[in-house]
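The values are calculated or read from the model by the stated rules, or taken from the named source; none is laboratory data. This one's a predicted model, so the numbers in the text were calculated from it and none came from an experiment. With ideal geometry, Cβ positions are generated from the backbone for all residues, glycine too; neighbour counts draw on all protein chains shown. The area values use the complete protein model at the heavy-atom level, side chains included, leaving out ligands, DNA and RNA. Shrake-Rupley method; radii C 1.70, N 1.55, O 1.52, S 1.80 Å.
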Amino acid sequence: SLLQGATLTAFLEFITTFVRSSLPSKLTFESLLNKLSSPVYADAQSVLSRQSIHSYAALVAAVAASEDDQKNAVELGTKLAEQLSHGQATDSNRLFALITLGELGKRAPEIYATAKFKPEEIILSSFSSGNEDIKLAGSIALGTLIIGSLPAYLPFLLNQISTQPRRQYLLLHALKEVIAYEMAQPEVDAAFADQVDAVWEVLERHADCAEEGMRYTVVDGGGEGGLRVMELIFDLFQAHASSPSVNMRAAVVTSVKFMITVEKKPIDDVLDTMMSSLLSAAGDANLDVRHVALVVLNSAAHNKPDLIRNRLGEVMPVVYHETNVRQELIREVEMGPFKHSVDDGLDLRKSAFECMYTLLGSCIDRLDMQTFIAALENGLKDQHDIKLLSYLILAKIAALAPVVLATELTRVCDPLKAQLNVENKANAVKQELDKNEELKRAVLQPSSPSTKIPKAR
């Protein structure tokens, strides 16, 4: 399971070089294949992780694809297809066969040109399995297969997404695999570039889906896209900023999060242009849209603070506004004989304070700290989770801007003192006792560095 990422890529290059070399006493194809696949097939009771199976499958496919004579690869593909067609294999064997079938299509797509079976249909049949891991493996395998032969299989996938509504989640996941792979390459494949508009139409059509899991897959796929997809998202953002569909507005905003990375990319200029629209979304009438907009702003502040630094005059009022408890968002829910308060604005406030914490680390030199601490006071009087987050922010201020904090001690000390003086109710359960003790310990965290401030003594 440790063989993944850059390590797996390096080992695949090594195994390819080894197979193509003319070393004396080199292992035969059959011997090498047996050694690499034995952990999967040797012990029917063994339980390998999905990542381990994926690694073994990639290695086996690399060995078969590296042979000068493709006969062995064709035979391997046929055996795997037969294994999947006869439902007698164990789940681990089926996972291995699925992923290997896809990897073979990626590394040696020509072997399926003369095959007596259609690999895409074999893989699609796994979507009917009762095992969720096998379904997901089938989705990954389909994406991997398509990567090897985009002209042949990408139109097929797009058609399946349009005509098979019950399989759309898995099919969209396969499409996401294709997009992620293409965007990681130095140059996008011409066949994919020709289909970008068609791919985007599919993503746009499903961004308004009622099912959250499918929407997440769509926006993740859209966010993996390159400059052309970014331009399409920007156009879509403008077009749907006032869409009556909450799902559409939230999906388009969320997709921006997946484009914001630490590395500098050509799409950064497009991202910079989108920030103003993102700030507009942070003032949306819907709580969910405002929440995802703050999450994206937090991601930008963490990964690309330059997108935010020159806009703090617009960003901070939006963030501060969401730190307030709104009584109209608190409702009572009856649970048997008891009444329970539900705060629909809690997640939104959490995102606001998380954004404040991030901005404190990346843009403190541009912040008005008096206004910042005034907003933080709301968190010091809020619910348990937000209090904990507020104490972390306060500790960071004490470390980074102690002089400013010294001028605001009266504002912050009263809520801290009140928390330390909280007494447990006589009928409090263990969970309540633990939470109160946790809060009292957390209060001491910002209190410790602040004792170094002259006015705090």
All-but-one check, Ser149 against (1) under 19 Å from Gln164 (Cβ atoms); (2) surrounded by fewer than 21 Cβ atoms within 10 Å (Cβ to Cβ); (3) at pLDDT 90 or above; (4) in contact with a helix residue (DSSP H, G or I) (Cβ under 9 Å, 6 or more places away or on another chain), failing number (1)
Scanning the range 316-341 residue by residue, those open to solvent by 50 Å² or more (accessible area, probe 1.4 Å) and either under 24 Å from the mean Cα position of the chain (by Cα) or under 28 Å from Asp268 (Cβ atoms) (or both) turn out to be Pro317, His321
Of the residues in the range 293-315 that are open to solvent by 30 Å² or more (accessible area, probe 1.4 Å) and touching a residue at least 40 places away in the same chain (Cβ under 8 Å), the one that is farthest from Asp365 (Cα to Cα) is Val295
Test Val319 against the criterion of being part of a strand (DSSP E or B) and of a type in the set (A, V, I, L, M), and give yes or no.
-> no
By residue number, the members of the range 1-43 that are exposed (fewer than 11 other Cβ atoms within 10 Å of the Cβ) and under 18 Å from Leu101 (Cα atoms) are Glu30
Does Ala374 fit the bill of being buried (at least 17 other Cβ atoms within 10 Å of the Cβ) and part of a helix (DSSP H, G or I)? no
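This table checks each residue for (1) modelled with pLDDT of 60 or more; (2) open to solvent by 10 Å² or more (accessible area, probe 1.4 Å); (3) under 15 Å from the mean Cα position of the chain (by Cα).
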residue: Leu175; (1), (2), (3): yes, no, no
residue: Ala193; (1), (2), (3): yes, yes, no
residue: Val202; (1), (2), (3): yes, no, no
residue: Cys209; (1), (2), (3): no, yes, no
residue: Glu224; (1), (2), (3): no, yes, yes
residue: Val229; (1), (2), (3): no, yes, no
residue: Ile233; (1), (2), (3): no, no, no
residue: Phe237; (1), (2), (3): yes, yes, no
When restricted to Glu110, Glu121, the only residue open to solvent by 10 Å² or more (accessible area, probe 1.4 Å), acidic (Asp, Glu) and touching a residue at least 12 places away in the same chain (Cβ under 8 Å) is Glu110
Inset, instruction - Tell me, please, whether a residue that is open to solvent by 40 Å² or more (accessible area, probe 1.4 Å) and in contact (Cβ under 8 Å) with a residue 40 or more places away in the chain can be found in the range 342-353. - result: yes
For the range 417-437, pairs from a residue that is open to solvent by less than 80 Å² (accessible area, probe 1.4 Å) to a residue that is of a type in the set (Asp, Glu), with Cβ under 8 Å and 6 or more apart or across chains, are Asn424/Glu432
Q. Would you call Glu332 in contact with a Lys or Arg (Cβ under 6 Å, 6 or more places away or on another chain) and either under 25 Å from Ala251 (Cβ atoms) or free of Cβ contacts under 8 Å to residues at least 12 places away in the same chain (or both)?
A. yes
